[in-house]
Amino acid sequence: MSTLTPEQWQSLSPYLDQALAMTADERAAWLASLGEQNPALAAQLAVLLDEHRVLAQEGFLERGPAALPSAPGLAGQTLGPYTLLSQIGQGGMGSVWLAERSDGRFERRVAVKFLNVALLGRGGEERFKREGSILGRLAHPNIAELADAGVSLSGQPYLVLEYVEGDPIDQYCDQRMLDVQARIRLFLDVTAAVAHAHANLIVHRDLKPSNVLVRTDGQVKLLDFGIAKLLEGDGEGGAATLLTLEAGRAMTPQYAAPEQLTGEAATTATDVYALGVLLYVLLTGQHPAGSGPHTPADLVKAIVDTEPTRPSDAVTSAKANAEVTTSNAARRTATPEKLRRLLRGDLDTIVAKALKKNPQERYASVTALADDLARYLRHEPISARPDIFAYRAAKFVRRNRTAVVLAALALVALIAGLTGTLIQARAARQQRDLAFRERDRASRITDFMTNMFKVSDPSEARGNSITARAILDKSSQQIDTSLAKDPEARAHMMYVMGEVYDSLGLVPQGKSLIARAAELQREVLGPEDPETLTSMSLMSVILLEEGHYAEAEQLQRQTLTVRNRVLGPEHPDTVRSMSRLAAVLTFQGRNEEAVKLERDAVAIDRRVLGPEHPETLLLTNSLVSYLWMGGEPEHYPEAEKLQREALAIERRVFGPEHPDTLNAMFNLATILRREGQYAESEKIFRETLSVESHVLGPEHSDTLNTRNSLAVLLTQQGRYNEAEELYLENRAIQRRVLGPANAYTADSTYNLACLAAIQGYRDKAMALLGEVVGHGLKPNTALHMEEDDDLKSLRRDPRFAALVAHAKKQAAAAQRPN
Amino acid sequence: MESRIAALIGAAEGGDSAAAEALFGTLYSELHRMAKRELARQGAAISLSATTLLHEAYLDMAGRDGPSFPDRARFMGYAARVMRGLIIDHARERHAQKRGGLFEITSLDTQSMEAAVDHRELVQISEALDELGKVEPSLAELVDLKFFCGFTFTEIAVLRDVSERTVQRNWEKARIYLHRKIRADLSL
């Protein structure tokens, strides 16, 4: 980079004056037209203006240098039982000293904070002592303890505080490159501390990163609780706030709430606002008022008047410098685009609600804010949202859909498990009923849920989150009375709600509603009405789920016959009956029949609905599964071919990052693995893993599942070290996200044990198994350890026998009613 | 010292480098003395605002020097530059204490840590500022007032009798120059 000569600078200076007086848009146009006349000049100016963007982002020269010297010679002086050691900071409010107890009672370092006498206001000393004793009772692990408060002999008030060594929370997060989830979890510790103080009627009033420290051990500590209050005169809240602002020259109003700047009283809502700003900064790396430069007046205007940019927009904002956006995102282990996607939606909404200008519109309490963040982390619907109902429905279906997709993945894993026999196989076996649920139901549930939420009373739902289950239970109770006069609609509602119950895994509730719906429809509409047939068809699926195969088959055949006659052989409903019948046949081990029937169904849908129709794709998936199920190698090429076609269509129609596309990739890789085409299988698994890590995040269950499958592939090839690394990676994530005793975490350990056993490391395998049997491993897995071929090297080991016996005893004990 | 400051400013502006040195020396010791006096007066552990100090210094010195004392804006310009040196010296001292001292500085204090800028950075800024002073002195003076002495845009606008917008625009210009200069120095 070259420096400008004085001459260059002087010739550019007047143009800079012009440019800096313009808005960004005006500037762009002006530069463009200048470029036509004098390209060299325009280019130089553009460079300087870019420089300006960078320095504004950096906040260059926005913080002043350290203050002037304060009085020397306090070191060594005593203050009650404390000896001052050295000054560790100073600022507008006063100075801070490191001190230790000198009366030898216990060894402990403290921070002594002297407050500026001038700031204390009228009748200060008395009030200071009184308030100090209240603050002293504020005991919380995340609040720096106030040990003492007093006034020195020379009349200077001081506080004795727990000495905290740590970094401001924003720096802590950046230095450790914490991702969004980890940042939120840390932030929840902050909210816990603030909520505790609020419960004790203490408002912080000055929450900002430098008051929220994180120790190296990760413990959050809030400083200066209520100190702003100490500086405030009785009954002169507004004036005192201004005084505080003015007195602390370095204290910018960056974290002040609008009401603080307009001189209204600070309340718990003020802290909610400041927490909102803090959360904004932690998530985006920017201040809600946007990137600098800010004069105090601009900042005040931004805080009082301007709606902040949504966090998701802020992280990719075109106004922001690309380098800064990228590095901000990188500090959150994301790309700007990924960060935007993470923040968009719930986090935008939560932050916006905390930052409402009107205190009444903010979260009613810090706890309410924390609850929403916790819900976000659990992928549950949050409470904040104006159009709450459609939103909830969408969220519900999204979650439900994930379950359905997972089930489909599990099915494939099951098939793989026929030879691979690692843990996923067993998990899949348990879930196979789920796997056979058609995914098209998800979209129908969407319609229903949307409507159901829409008819709910908004006033009833506001404030606390209602679950889909609660709505279902309530609606199903009301169904007889509210739709008494319309048996047809009543039957329809019963059907739809039964379907939702069923897809939530609440099969008995679903079954009884579907049975009642079918009965009512037969009565009102007749036995051959399409609606009656729809209920019958679903009843057959439920019977299948319950394991009543013969009944399920009989009912579905009956439905198919009538549909054939009433709707015609090519009607989608008729085809669906064929497909459902095929599922029943598979479960009875009649796989060849299922394959033939499903092939016919797919052929009709392809012709009638087209190859890109979701229904066709769905049935194709089922067909691929059946081609697998029998374990007949002569079917594999057909399965591979169909899966490749489906993948191509999904890539084109849904795009490369869509869950269905990823699912198809996963399936194809699994098929290839089965066919022994390891190289291509590995390539596709790795591609899937990379897209999933990027799109769904490294902690998503699909991502973990794919990594697991890749490990299975590597195990099959004898690449044990690589496989082990992947299992360990998964387990580390699961331990962190799900906890050490979680069933999935235990699965990974079990897989590691299998891997060790395969290699003949029996001690290691036993140690790993010992870790999880009875500590998270699903009883069903534990009970079938003996039969697991991967563990066969352990079969003659007495320790293994003992462990199996132990697992059996535990399972038996669990089954006995207490 | 009858209007000594006024005489020194006059000579310094006339190109007398010895006078300029004497001017800064006088201002430095004067400000330093006042800072100590303020600390003694206000009691222990109170930090001083540079702005307050400059205002008081002006009142104090103008009162002593009489009517020929230079106008406030001119005085502040020089004094702010002196203050820069005072602050950097102080930061250096603190740095030395810190390294030799018993403890690692923590971010316990709220404002001072936000405010603290590493003394090496200050030296860098100061050097770039000296360069800027040769090219566009009024911009350099603005940085002394704003960054080192904590004057607000409003105060500077009043002092210089210009609009606040102008002050802000000049501030951005100065920042561009300094930022560019410092980056260029770093990339050497």
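One table, with the values for the structure above:
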{"item": "Derived scalar couplings ³J(HN,Hα) [region A:555-572; Karplus, 6.51 cos²θ - 1.76 cosθ + 1.60; whole Hz; x for Gly, Pro]", "result": "5, 6, 5, 4, 4, 4, 4, 5, 4, 3, 6, 7, 9, x, x, 9, 5, x"}
{"item": "Stretch gain in nm, segment residue A:62-residue A:549, where the contour uses 0.36 nm per residue and the Cα spacing is subtracted", "result": "167.9 nm"}
{"item": "Shielding by other protein chains, B:177-184, mean Cβ within 10 Å", "result": "6"}
{"item": "Buried accessible area, chains B and A (both chains, 1.4 Å probe, Å² to nearest 100)", "result": "6000 Å²"}
{"item": "Cβ-derived FRET efficiency at R0 45 Å, residue A:109 paired with residue A:182, nearest 0.05", "result": "0.95"}
{"item": "Residue A:796-residue A:217 pseudo-label distance in nm [points 7 Å out on the Cα-to-Cβ vector]", "result": "5.0 nm"}
{"item": "Heavy-atom accessible area ranking, 1.4 Å probe, most first, across A:371, A:473, A:224", "result": "A:371, A:473, A:224"}
{"item": "Estimated FRET transfer efficiency when R0 is 56 angstrom, pair residue A:488-residue A:728 (beta carbons, to 0.05)", "result": "0.45"}
{"item": "Where region A:6-58 is the region considered: accessible area per residue in Å², 1.4 Å probe", "result": "52 Å²"}
{"item": "Exposure rank, largest accessible area first [A:546, A:323; 1.4 Å]", "result": "A:323, A:546"}
{"item": "Extension gain from residue B:134 to residue B:71, taking 0.36 nm per residue of separation minus the Cα-Cα distance", "result": "20.4 nm"}
{"item": "Number of partner chain Cβ atoms within 10 Å, mean per residue of B:166-175", "result": "5"}
{"item": "Largest-first ellipsoid semi-axes for region A:507-613, taking √(5λ) over the Cα gyration tensor eigenvalues, angstrom", "result": "23, 18, 11"}
{"item": "In nm, spacing of pseudo-spin labels at residue A:139 and residue A:789 (7 Å Cα→C-beta vector)", "result": "6.2 nm"}
{"item": "Sequence-distant residues sharing a close amide H with residue A:62 (under 5 Å, placed H)", "result": "none"}
{"item": "Relative packing of peptides A:667-677, A:556-566 - highest average C-beta neighbours within 10 Å first", "result": "A:667-677, A:556-566"}
{"item": "Residue A:763/residue A:813 FRET efficiency (R0 35 Å; Cβ-Cβ; nearest 0.05)", "result": "0.80"}
{"item": "Stretchable slack from residue A:742 to residue A:634, in nm (0.36 nm times residue separation minus alpha-carbon distance)", "result": "34.9 nm"}
{"item": "Note, ³J(HN,Hα) from phi for region B:27-32, Karplus 6.51, -1.76, 1.60, rounded to Hz, x at Gly and Pro", "result": "4, 4, 5, 5, 5, 4"}
{"item": "Pair residue A:18, residue A:607: separation of 7 Å Cα→Cβ label points (nm)", "result": "7.4 nm"}
{"item": "Residue mean of other protein chain beta carbons inside 10 Å, B:150-156", "result": "2"}
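The values are calculated or read from the model by the stated rules, or taken from the named source; none is laboratory data. From a predicted model like this one, the values you see are computed outputs, not experimental measurements. Every residue, glycine among them, receives a Cβ derived from its backbone with ideal geometry; neighbour counts consider all protein chains shown. Surface accessibility is based on the protein's heavy atoms, side chains included, excluding ligands, DNA and RNA. Shrake-Rupley method; radii C 1.70, N 1.55, O 1.52, S 1.80 Å.
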